[in-house]
1. So, of the residues in the range B:125-142 that are within 14 Å of the chain's Cα centre (by Cα) and part of a loop (DSSP other than H, G, I, E, B), which turns out to be nearest to the other protein chains (Cβ to nearest Cβ)?
2. For the range B:1-113, which strands (runs of 3 or more DSSP E) that fit wholly inside it have 3 or more residues that are crowded, with 18+ Cβ neighbours inside 10 Å?
3. Within the range B:44-89, how many residues are of a type in the set (D, E, K, R) and under 21 Å from B:E11 (Cα atoms)?
4. Confirm whether A:D149 is within 13 Å of A:L36 (Cα to Cα) and either aliphatic (A, V, I, L, M) or in contact with a Gly (Cβ under 9 Å, 6 or more places away or on another chain) (or both).
5. State whether one or more residues within the range B:32-46 are of a type outside the set (G, A, S), touching a residue at least 40 places away in the same chain (Cβ under 8 Å), under 25 Å from A:I122 (Cα atoms) and touching a Phe, Trp or Tyr at 6+ places or on another chain (Cβ under 7 Å).
6. Just the residues that are within 12 Å of the chain's Cα centre (by Cα) and hydrophobic (A, V, I, L, M, F, W, C), please, taken from the range A:35-52.
7. What about B:E120, is it facing another protein chain (nearest Cβ under 10 Å), touching a Ser or Thr at 6+ places or on another chain (Cβ under 7 Å) and modelled with pLDDT of 95 or more?
8. Can you tell me which residue is farthest from A:Q88 (Cα to Cα) among those in the range A:47-75 that are within 11 Å of chain B (Cβ to nearest Cβ) and in contact (Cβ under 8 Å) with a residue 24 or more places away in the chain?
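The values are calculated or read from the model by the stated rules, or taken from the named source; none is laboratory data. Worth saying up front: this structure is predicted, and the values here are computed from it rather than measured. Cβ coordinates were reconstructed from backbone atoms using ideal geometry, including for glycine residues, and neighbour counts include every protein chain displayed.
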Protein chains: 2
Amino acid sequence: MEDMKIIELKESILEDNDKDADVLRNELKEKGICLLNLMSSPGAGKTSTLLALKKYFDGNIRFGVMEADIDSAVDAETIREAGIPSIQLHTGGMCHLDADMTRQGIRAFGQDDLDLIVLENIGNLVCPAEFDTGAQINMTILSVPEGDDKPVKYPLMYEVADVMAVNKIDALSVFDFDKARMEKAVLARNPGMKIFYISAKTGEGVAELAEYLIRRVRELKA
Amino acid sequence: MEDMKIIELKESILEDNDKDADVLRNELKEKGICLLNLMSSPGAGKTSTLLALKKYFDGNIRFGVMEADIDSAVDAETIREAGIPSIQLHTGGMCHLDADMTRQGIRAFGQDDLDLIVLENIGNLVCPAEFDTGAQINMTILSVPEGDDKPVKYPLMYEVADVMAVNKIDALSVFDFDKARMEKAVLARNPGMKIFYISAKTGEGVAELAEYLIRRVRELKA
């Protein structure tokens with residue numbers, strides 16, 4: 001197998017990231033590409049959720065994944081081994097991507113025939129929430145073992161995301177996780193949040209999440 | 001109960017954080033205070049590990065906790081309800097604390113009679129690893145549900161820490177977590193890392209971690 005393509009992103013020198021993100025969003029809209037910014041803590045299951053979504057996306061939408069990491073290419077290799085177009089982005093130690101870094105990644109990816117490009121952001125609940133990447137869909141994953149109090153401690157993440165997957169629900173019996181308390185905290189900050197309960201491991205709930213995302217991608221391309 | 005003391009930290013204007021961290025370390029040494037910087041992903045179990053350590057610390061070392069968060073005071077309140085001196089630090093959205101912010105917290109805490117002050121850093125594997133807080137002990141927690149690949153993806157965290165607790169080992173049977181692979185990745189980056197396997201929930205392994213930390217505190221105060 002050929003070596004994984006690894007792109008070393010350059011730090012943006014643009015001062016107005018919000019404006020640049022709007023420009024990128026328009027550029028992508030014109031190309032018919034939907035960009036989904038996927039955010040979570042480290043180890044919440046971003047990569048495994050994408051793998052679980054694949055069988056529902058196949059035949060419906062063409063998707064590829066840009067894996068952003070501080071170091072290594074393990075996730076990009078996992079994604080590629082599953083037959084999904086993938087590229088590895090390195091942030092040079094930075095804890096997030098902005099719109100310009102995302103644009104660098106999309107250009108290097110060179111997959112303009114895709115319906116959906118997923119940017120798997122750095123595992124981090126703080127910094128990625130602060131920077132608009134130009135994505136049309138902002139999704140966050142909260143895994144059950146992290147606890148139901150994350151929306152209280154990292155509120156901005158739950159304000160900027162418009163869809164949320166609660167992952168590892170197969171482990172609900174092992175952890176104290178109060179769904180009602182979590183939902184109350186999320187919806188107080190973001191009444192429009194779409195919440196899905198899934199297990200990327202067992203597949204539970206993934207069909208509903210996939211159906212929702214496919215609809216969103218089709219609406220954005222319409 | 002009186003309201004939890006919440007300190008809004010000011011962003012440091014010092015340019016040389018490493019130098020300032022050394023200054024703070026010396027100041028603390030003179031006061032006979034050991035500072036432990038506790039880092040992990042969100043939800044790995046920083047607060048619950050501190051609660052589990054309490055019964056071993058009691059009668060051996062006097063300790064208090066500075067809880068750093070973006071928002072809320074839930075952890076500081078939990079710690080105080082357990083009878084541990086505590087203060088809540090807010091970082092104004094910042095993803096880490098530097099030495100000057102840590103000093104602001106210690107001054108506001110005003111507990112110079114303690115043997116050990118634990119700084120519970122922002123839940124984040126990226127930014128806290130980049131800033132020396134002035135701590136003598138840098139500890140990181142990796143929880144089993146996060147996966148054994150975190151040392152490969154967030155290498156700096158495992159380079160700057162000198163002690164590491166692998167938490168939630170009561171859930172080992174529910175998750176794919178390869179201890180040998182994790183240890184290999186950690187020790188390749190940091191051959192001196194002390195690794196403890198614990199469950200803050202069941203108490204397994206906590207006595208050994210506590211014994212090690214008590215010894216470190218006594219050595220640093222000697």
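1. Filtering first and then ranking leaves B:L125.
2. Working: elements: B:6-8, B:34-40, B:63-69, B:86-90.
Answer list for the range B:1-113: B:34-40, B:63-69, B:86-90.
3. Within the range B:44-89, the first condition is being of a type in the set (D, E, K, R), and the residues that meet it are B:46, B:54-55, B:58, B:62, B:67, B:69, B:71, B:75, B:77, B:80-81.
Okay, now just the ones that are also under 21 Å from B:E11 (Cα atoms), so B:67, B:69, B:71.
Residues flagged as of a type in the set (D, E, K, R) and under 21 Å from B:E11 (Cα atoms) within the range B:44-89 amount to 3.
4. Values: within 13 Å of A:L36 (Cα to Cα): no; either aliphatic (A, V, I, L, M) or in contact with a Gly (Cβ under 9 Å, 6 or more places away or on another chain) (or both): yes.
Taking the combined requirement at face value, the residue does not satisfy it.
5. First, pick out the residues of the range B:32-46 that are of a type outside the set (G, A, S): B:33-39, B:42, B:46.
Next cut, touching a residue at least 40 places away in the same chain (Cβ under 8 Å) only: B:33-39, B:42, B:46.
Of the ones still in play, those that are also under 25 Å from A:I122 (Cα atoms) are B:37-39, B:42, B:46.
The next check asks that each one be touching a Phe, Trp or Tyr at 6+ places or on another chain (Cβ under 7 Å); those that pass are B:42.
So far as the range B:32-46 goes, yes, one or more of its residues are of a type outside the set (G, A, S), touching a residue at least 40 places away in the same chain (Cβ under 8 Å), under 25 Å from A:I122 (Cα atoms) and touching a Phe, Trp or Tyr at 6+ places or on another chain (Cβ under 7 Å).
6. Within the range A:35-52, the subset within 12 Å of the chain's Cα centre (by Cα) is A:35-41, A:44-50.
A:L35, A:L36, A:L38, A:M39, A:A44, A:L50 - these are the residues of the range A:35-52 that are within 12 Å of the chain's Cα centre (by Cα) and hydrophobic (A, V, I, L, M, F, W, C).
7. Numbers: facing another protein chain (nearest Cβ under 10 Å): no; touching a Ser or Thr at 6+ places or on another chain (Cβ under 7 Å): yes; modelled with pLDDT of 95 or more: yes.
In short, no.
8. Filtering first and then ranking leaves A:S48.
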